[in-house]
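Worksheet: one structure, shown below.
The values are calculated or read from the model by the stated rules, or taken from the named source; none is laboratory data. Quantities reported herein were computed from a predicted structural model and do not represent experimental measurements. Every residue, glycine among them, receives a Cβ derived from its backbone with ideal geometry; neighbour counts consider all protein chains shown.
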4 protein chains.
Amino acid sequence: MALDPQNTRRYRISISCPDTFGIVAAVTQFIAQYKGWISEAHQFADPEACTFFMRYEVVADSLPFDLDTFKEKFAPLAEQFNMTWNITDSAERKRAVLMVSKEAHCLSDLLYRWRSGELNIDIPCVISNHDDLRSYVEWHGIPYVHVPVDMSNKEPHFQAVREQIAAAEADVIVLAKYMQIIPEELCEIYPNRIINIHHSFLPSFIGARPYHQAAERGVKQIGATCHYVTSELDAGPIIEQDVQRVTHHNTTKDMVRLGKDVEKAVLARGLRFHIEDRVLVYGNKTVVFA
Amino acid sequence: MALDPQNTRRYRISISCPDTFGIVAAVTQFIAQYKGWISEAHQFADPEACTFFMRYEVVADSLPFDLDTFKEKFAPLAEQFNMTWNITDSAERKRAVLMVSKEAHCLSDLLYRWRSGELNIDIPCVISNHDDLRSYVEWHGIPYVHVPVDMSNKEPHFQAVREQIAAAEADVIVLAKYMQIIPEELCEIYPNRIINIHHSFLPSFIGARPYHQAAERGVKQIGATCHYVTSELDAGPIIEQDVQRVTHHNTTKDMVRLGKDVEKAVLARGLRFHIEDRVLVYGNKTVVFA
Amino acid sequence: MALDPQNTRRYRISISCPDTFGIVAAVTQFIAQYKGWISEAHQFADPEACTFFMRYEVVADSLPFDLDTFKEKFAPLAEQFNMTWNITDSAERKRAVLMVSKEAHCLSDLLYRWRSGELNIDIPCVISNHDDLRSYVEWHGIPYVHVPVDMSNKEPHFQAVREQIAAAEADVIVLAKYMQIIPEELCEIYPNRIINIHHSFLPSFIGARPYHQAAERGVKQIGATCHYVTSELDAGPIIEQDVQRVTHHNTTKDMVRLGKDVEKAVLARGLRFHIEDRVLVYGNKTVVFA
Amino acid sequence: MALDPQNTRRYRISISCPDTFGIVAAVTQFIAQYKGWISEAHQFADPEACTFFMRYEVVADSLPFDLDTFKEKFAPLAEQFNMTWNITDSAERKRAVLMVSKEAHCLSDLLYRWRSGELNIDIPCVISNHDDLRSYVEWHGIPYVHVPVDMSNKEPHFQAVREQIAAAEADVIVLAKYMQIIPEELCEIYPNRIINIHHSFLPSFIGARPYHQAAERGVKQIGATCHYVTSELDAGPIIEQDVQRVTHHNTTKDMVRLGKDVEKAVLARGLRFHIEDRVLVYGNKTVVFA
């Protein structure tokens, strides 16, 4: 066991199901019979929702089969407990399409994490309604797709965006300060797969100009919220949040700057949780096995 | 100058006035002509409101006059700059009436700070609509006034409360988890002198059962807000705020416990700012010279 | 399953053992065969130490036996995996002896948490080398034992302290600002059962006058550390730590006050972890299943 | 006064001098006589050191003279109070030479802040002992100077570095993860002008491999410290510090990643304070007028 399980390929099993006894025993018994090595384990039961959640990581090489065989063998057990479940392979990097407008702080932060190997994703392309960030993105060897918006008719824009995302075979879409409201249709194609960063501590200051609202209300902390996008504006399941202290000395310009720092940190954490399959959504809430 | 200015009696000068040049020069010139020793100084100009704020502390013994003479001599200068102003003496402890219901966490915290000398106030009495905390308060040698509420007619309760506060000659009223809505009339008698602690990060979750609301919304941080009470529920000027991280593991019971810790810390800080005359209110906002 | 598992009696199983596969399967299989209801579960493997740790909570009434029978039935499994293990009953409150000197902030905080039901402990007595806090402790109905120290010969003091602790049948000894160094002998009688709060972010500023040291060094944050006491001063396994921002404006007196707030929060969290059997010590480190 | 003083050119006056009365009056009187508009003001007196510090910002266009005339007129006053003083012009961007090794997180963060206009500096060049980050730096249009180190004789390296810095006319040198110890001679040429980011909460874990040390000691928070470089390793005046919570779940790899996030945030804040002349050093400590 000299192997460092953190640095090896792992299978990630995510499960939610009606709570009952014997779930963990059955799952771990299943893993143990194949001499699987569990490198990380989380479980949680919501007593109100009577729902059980678990996420296990198993060192891939400790199991005698590939991902498909794993799923096939696991299926009967999943059916027995009426599980909503998923197994992924840490070696299969998720394909993340980034969408931006003109502001570069989140994009720049994510691209650093990507090129340094900190964020284990592929980025098939960056889509933007502006052309401003093309050169920076292309330096990274990533295609930049400029899809302008006609403000009087946004339908063609979103039609083109939809096609680009489909062509990119995106597993996840990251709205890294993409300042357009996503139409309901697109939300429904990618449920719990479109991640937004909102510049307030939701549910405070929903909608436009949250810093202006925050300054008006005289709050002493400003925040940011990373959430999945649903058809209801700024109301999807929250993945991660954080805040930053402000004082009367901070001008609106300062608040924008400080807010950007919170935004990029919160989005990076939320995206990491997502790509490592740590976020389980139920109702309008999340369990995050961080 | 071997004297520690932090441990000596000080005059505290608070000023707000229309912004113009020469204010600080005039004030400091005034202090310097009497050889006053400034031990702390803060100033701030809000460019949007065109309003200037300052708060100075001067070592009392370095000035050749008492508080009344100080005010008298300062008045012409104040008039010249159209100041709203106040000078207080750190040796004159403010009289703080505490109001509680059944929950003891804020009360217990404030009484510890009071009896250890950390909070420089007098507490003429604790007023409650319940009798539960009598023994604890009385151990401290502080009168406990039980004023029951008739839920079908709250008017007599608040009439009695008003009389008690008046009799106590309260400078500030601290709602240390007093779970009744203060009637407009009482708010108007004590503008910016009634301090409440609200168990959410306002403006999120205004009104009742904020933890329940927070749990429903799946937020990742819970907060507390210390604010002045105005006739609009939970909408008065914010003095201080803070948050505490929560996860799915935290039950509502945990959130209540964690929330209490934030509440008592935020209320204690907010009250300290108030009694040291560090809070200047303008519009519905505050400048806090912490 | 309408029962709230958080509010019912639970058995808490803590295990550390050499890492191998099948541990969780065996333990959960054992629980499942008796239809035990797992209400909380944590596990962790340290790849460097090749050691596995787990802590499970099981709803007591879901199992068909009492604590002694549970242990008896579990013993063969424990032996099989070479476990260091323990099972406790949440209904059996730990007996915590508090030791104090003159400062009341930690004591006051812990007593509030105790009398409000937030801290699930019994307090057989408070031991002090001074008589200052007697009245406050006795108001709570808790015996106060004054054991003076002869600074030229501390041996009789510690002899008496040892006897008092033994007579109190203490499960845990909490040094809530007890300002004496615990002799090695006493440390060895109660390994990982004496909890101290140290007023710095250890390992910074070991020993006396940490705020003075911190001010000298010009740090921008001050901290506190809750740790188990070992014979090496301030070097035992760390349970919990936190920090608080300070600025040049903060006098040493301010730092003491701010430091007290961190101290009491960190000690309360650390003690909670301990009494809920969430802390597993290995080497000079801890796993805290919070 | 419709002007936003935050967005206009300002003169920044920094002063430290023996504490006495009349300093602020004299300085503000000086400013007022020219109808100067003070847009920000901070002052502080250290009673132990009997030293007074102040920093004022004055809207440049409100004064009838340029920087040189300002200094000339101010000099007699400075002499009268025995001031160590400086006046700078916010429009004169400081020249910051960045020094890096192979790790890009701080560099990447600073370059984002620079190109987005958030950091008001000029970057004449980036100096490195490796060639790895050349392309990234050059994309920004900034010269990249590769100066290899001969580990058996570092003298030529530092000779070349010294010449490059001199040629660049650097106002400040930022060690953005430059992993070499700066020789005493270079420290003395640029006192309080070489800024380092150290990956621990100093004075904890001085020297090499701080995360390894932190993991050994089992700390619950990891930190970072931004400080001026002096000839004593990791012991110069601290500008800024912060910490980040870690748990047993965090591998050394996680700690490195989390530590990088703290490092880049702390360095960016510390550098901002420096370039805005907000840091006044005395003894081995700093006053930071943030």
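Of all the criteria given as (1) assigned to a helix (DSSP H, G or I); (2) touching a helix residue (DSSP H, G or I) at 6+ places or on another chain (Cβ under 7 Å); (3) more than 30 Å from A:Leu110 (Cα to Cα), the one not satisfied by D:Cys106 is (3).
Listed by first and then second residue, the pairs with beta-carbon distance under 8 Å, at least 6 apart or on different chains, first residue in region C:149-166 and assigned by TED's automatic domain parsing to the domain that holds C:Gln180, second in a helix (DSSP H, G or I) and of a type in the set (Val, Ile, Thr), are C:Arg162/C:Ile189. Inspection of region C:216-226 identifies no residue that is in contact (Cβ under 8 Å) with a residue 60 or more places away in the chain and β-branched (Val, Ile, Thr). Only one of the listed residues (C:Phe81, C:Phe74) is away from chain A (no Cβ under 14 Å), of a type outside the set (D, E, K, R) and in contact with a helix residue (DSSP H, G or I) (Cβ under 9 Å, 6 or more places away or on another chain). That residue is C:Phe74.
Is there a residue in region C:6-26 that is farther than 28 Å from B:Thr247 by Cα and touching a Lys or Arg at 6+ places or on another chain (Cβ under 8 Å)? There is at least one residue in region C:6-26 that is farther than 28 Å from B:Thr247 by Cα and touching a Lys or Arg at 6+ places or on another chain (Cβ under 8 Å). Contact annotation: no residue pair with Cβ atoms under 7 Å, 6 or more positions apart or on different chains, pairs a residue in region B:34-50 that is not assigned by TED's automatic domain parsing to the domain that holds B:Ser16 with a partner that is buried (at least 20 other Cβ atoms within 10 Å of the Cβ) and aromatic (Phe, Trp, Tyr). Here the condition is being assigned to a loop (DSSP other than H, G, I, E, B), surrounded by 18 or more Cβ atoms within 10 Å (Cβ to Cβ) and in contact with a Lys or Arg (Cβ under 9 Å, 6 or more places away or on another chain); of B:Asp277, B:Asp242, it holds for B:Asp277 alone.
Of everything listed in (1) modelled with pLDDT under 95; (2) within 11 Å of chain A (Cβ to nearest Cβ); (3) part of a helix (DSSP H, G or I), the single unmet condition for B:Val256 is (2). Among the candidates A:Thr230, A:Thr225, A:Thr286, the residue that is over 28 Å from B:Ala235 (Cβ atoms), in contact with a strand residue (DSSP E or B) (Cβ under 7 Å, 6 or more places away or on another chain) and among the β-branched types (Val, Ile, Thr) is uniquely A:Thr286.
Residue-by-condition table, conditions (1) exposed (fewer than 15 other Cβ atoms within 10 Å of the Cβ); (2) closer than 30 Å to B:His105 by Cβ; (3) aliphatic (A, V, I, L, M):
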position: C:Arg115; (1), (2), (3): no, yes, no
position: C:Ile123; (1), (2), (3): no, yes, yes
position: C:Asp131; (1), (2), (3): yes, yes, no
position: C:Arg162; (1), (2), (3): no, no, no
position: C:Ala168; (1), (2), (3): no, yes, yes
position: C:Val172; (1), (2), (3): no, yes, yes
position: C:Glu184; (1), (2), (3): yes, no, no
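Being aromatic (Phe, Trp, Tyr) and in a loop (DSSP other than H, G, I, E, B) is the requirement here; does C:Phe74 meet it? Against the criterion (aromatic (Phe, Trp, Tyr) and in a loop (DSSP other than H, G, I, E, B)), C:Phe74 does not qualify. Scanning region A:187-226 for residues that are touching a helix residue (DSSP H, G or I) at 6+ places or on another chain (Cβ under 8 Å), at pLDDT 90 or above, not β-branched (Val, Ile, Thr) and not in a loop (DSSP other than H, G, I, E, B) yields A:His198, A:Gly223, A:Ala224, A:Cys226. Taken over region A:158-186, the residue count meeting the criterion of being within 14 Å of A:Ile127 (Cα to Cα) and part of a loop (DSSP other than H, G, I, E, B) is 9. Is it true that C:Ile238 is within 13 Å of another protein chain (Cβ to nearest Cβ), under 11 Å from the mean Cα position of the chain (by Cα) and not basic (Lys, Arg)? Yes: the conditions hold for C:Ile238. When you check C:Lys260 against the structure, is it more than 15 Å from the chain's Cα centre (by Cα), crowded, with 22+ Cβ neighbours inside 10 Å, under 30 Å from B:Ala41 (Cα atoms) and of a type in the set (Lys, Arg), yes or no? Against the criterion (more than 15 Å from the chain's Cα centre (by Cα), crowded, with 22+ Cβ neighbours inside 10 Å, under 30 Å from B:Ala41 (Cα atoms) and of a type in the set (Lys, Arg)), C:Lys260 qualifies.
Selection of region C:9-28 for residues being at the interface with chain A (Cβ under 8 Å from one of its Cβ atoms) and of a type in the set (Gly, Ala, Ser) yields C:Gly22, C:Ala25, C:Ala26.
When C:Phe74, C:Phe53, C:Phe81 are checked against the criterion of being hydrophobic (A, V, I, L, M, F, W, C), at pLDDT 95 or above, under 23 Å from D:Gly218 (Cβ atoms) and not assigned by TED's automatic domain parsing to the domain that holds C:Asn196, C:Phe53 stands alone in meeting it.
Filtered by the rule that a residue be outside any strand (DSSP E or B) and either away from every other protein chain (no Cβ under 11 Å) or of a type in the set (Phe, Trp, Tyr) (or both), region D:115-131 gives D:Asn120, D:Ile123, D:Pro124, D:Cys125, D:Asn129, D:His130, D:Asp131. For A:Tyr211, state whether it is touching a Ser or Thr at 6+ places or on another chain (Cβ under 8 Å) and free of Cβ contacts under 8 Å to residues at least 60 places away in the same chain. Spelling it out, A:Tyr211 is indeed touching a Ser or Thr at 6+ places or on another chain (Cβ under 8 Å) and free of Cβ contacts under 8 Å to residues at least 60 places away in the same chain.
From the list C:Val174, C:Val219, the lone residue that is within 13 Å of the chain's Cα centre (by Cα) and among the β-branched types (Val, Ile, Thr) is C:Val174.
In region A:208-235, which residues are at the interface with chain B (Cβ under 10 Å from one of its Cβ atoms) and acidic (Asp, Glu)?
Going residue by residue through region A:208-235, those that are at the interface with chain B (Cβ under 10 Å from one of its Cβ atoms) are A:213-221, A:223, A:225-227, A:235.
Correct list: A:Glu216 only.
Candidates A:Thr51, A:Thr69: the one that is surrounded by fewer than 20 Cβ atoms within 10 Å (Cβ to Cβ) and closer than 18 Å to A:Val281 by Cα is A:Thr51. Mind checking whether some residue in region D:29-52 is of a type in the set (Ser, Thr, Tyr), out of contact with any Pro (no Cβ under 8 Å at 6 or more places or on another chain) and within 10 Å of another protein chain (Cβ to nearest Cβ)? Taking every residue of region D:29-52 in turn, none turns out to be of a type in the set (Ser, Thr, Tyr), out of contact with any Pro (no Cβ under 8 Å at 6 or more places or on another chain) and within 10 Å of another protein chain (Cβ to nearest Cβ).
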